[in-house]
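Here is the structure we will look at, set down as C-alpha cells.
All of the numbers you see were taken from the coordinates with simple rules; none came from a lab. In this text the structure is predicted, and so the values were computed from the model without any measurement.
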Amino acid sequence: MTPGYGPTPVSYPPPVSYPPPAYGQHYAASQHPPAYGQPYASGPYHSPVQDGVMSPYPYGTPGELISAKSRTVASLLSFFLGGLGVDRFYLGNIGMGVAKLLLGWATLGIWPLIDFIVIVAGSAHDGQGARVRSWE
C-alpha cells in the first residue's frame, strides 16, 4: 500500500501449536478443551451445581443448571390455575406469581397462555435461574 492511504497492516503473532505427545502419552488437560460432549472440569465454563444438575451436552449447554421441579406439574398448574399465578409460585418466582395474581386478568388471558407455552416448550426457569426441563 502507498504510505498514508488505507489502514496500516497489522501483524498478528503466529498461533500457538502444541508439540505432539510422545507415543503412548496424552495431552495435559490444560492444553486442550474437553472432547465433544464432555463437561468442563474447571475454569470459566464451570458452573457449580446448586439445586439442579449439569445437563448432558446435546440437551443443553455445558454448565447449564437443570431444575429439580417437574415440567409436568408446572404445565398442569399453568393450564388449570395459570390465571392465578399458581405456576409461578410453584416454580419459585414469587414476585411474578403475585404480579400475575393481581394483574393477570388485565391481559385477558394472554399472560397465562404465554406462560403455558414457555413451560411446555422447556424454556421456563425456576426461582434460582435453573431451567425446568424434566417431565418427571
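Mean separation of Cα pairs under 8 Å and 6+ residues apart, divided by the residue count of the range 71-121: what relative contact order is that in percent? Provide the component values of the computation, followed by the final result.
Working: 55 pairs, mean separation 21.1, N = 51.
Contact order relative to length: 41 percent.
Given the range 71-121, what whole percent of its Cα pairs are spread farther than 17 Å?
Values: 243 of 1275 pairs.
Summing the P(r) of the range 71-121 above 17 Å gives 19 percent of all pairs.
Taking H placed 1.01 Å from N in the peptide plane, check which residues at least 5 places from residue 125 or on another chain put their amide H under 5 Å from its amide H.
HN-HN under 5 Å from residue 125: 132.
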